[in-house]
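Below is one structure; the comments refer to it alone.
Laboratory data are not the source of any read-out in this text; all were calculated from the coordinates shown. Just so we're clear, the structure is a prediction, and the values are computed from it rather than from any experiment. Cβ sites come from the backbone with ideal geometry, for glycine too, and all protein chains shown count toward neighbours.
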Amino acid sequence: MKLFRRAKHPPPFDPDGSDAALLAAVADGATGALEALHRRHAPWLRARLRYRSSDPDLVDAALQETFLAVWKNAGSFTARTADGDAAAWFWTIAIRQLISQLRRRANQWIADTDPAPYETIGDASAEDLVLTRVEHGPLGQALDSLSPELRTAIQATVLDGLTVREAAQLLGVPEGTVKTRVMRAKARLREQLV
C-alpha cells in the first residue's frame with residue numbers, strides 16, 4: 001500500500017506587494033516571493049555593504065548568507081509599523097553576516113607548509129579594520145560596559161550605519177528615544193575612553 005501526501009503549494013502573492021506580505025509568502029514556501037525581495041533589496045544592501053568592506057567576495061558571501069537567513073527565518077519577522085520595517089531587518093541580518101564573514105577570514109589558519117605563494121590583492125579597508133578590532137580593543141570593552149539599551153542604540157546607528165529612523169524601527173522605540181540613547185552612550189564612551 002502506498003501512502004500519498006498532498007503537495008504543499010505556497011499561496012499566491014503579489015510581487016509588488018509590501019515587504020511584510022512577501023515575507024509572509026516566503027515563510028509559506030514561496031520562492032518567487034524571495035526572488036521579489038532579492039530584486040528589491042539586494043542592490044541597496046550590496047551598496048551599503050561595499051562601504052563596509054572593499055572585498056567584493058566578502059560582500060557577495062554576506063549577501064548570499066543574508067537571503068539564506070531570510071529564507072530560513074521569514075516566519076520570525078513581525079512588522080511593527082503599518083508600512084513594515086523589513087529594510088531595517090534586512091540590514092541587521094546583512095551587517096551581521098558581513099561581520100561573520102570577516103571573522104571567518106580572520107580565524108582561518110594558514111599552514112606554514114603550504115607551498116603555494118600568496119599574492120597580495122590589496123589592503124583591508126579602514127572600515128574592515130575598525131569592524132574587526134572594535135570587539136577586542138578598548139572600544140569593545142567600553143561598549144560591553146554600556147547598558148543593553150544604550151549599546152544597541154549606538155551599535156545600530158554608528159557601527160551598523162542605520163539612520164535614526166531605521167534604528168527606531170529596528171529597536172521598536174521612538175526616534176527621540178534613539179537619539180537620547182545615542183547621546184548618552186557617546187557621553188559614557190567618552191568618559192571611559194579618555
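See the values below:
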read-out: Simple label model, 7 Å out from Cα along Cβ direction - D14 to V194, nm; value: 5.5 nm
read-out: Gain upon complete extension [R105, R39; 0.36 nm per residue less C-alpha separation]; value: 21.0 nm
read-out: Cβ-Cβ FRET estimate between Q64 and E175, R0 fixed at 35 Å, reported to 0.05; value: 0.60
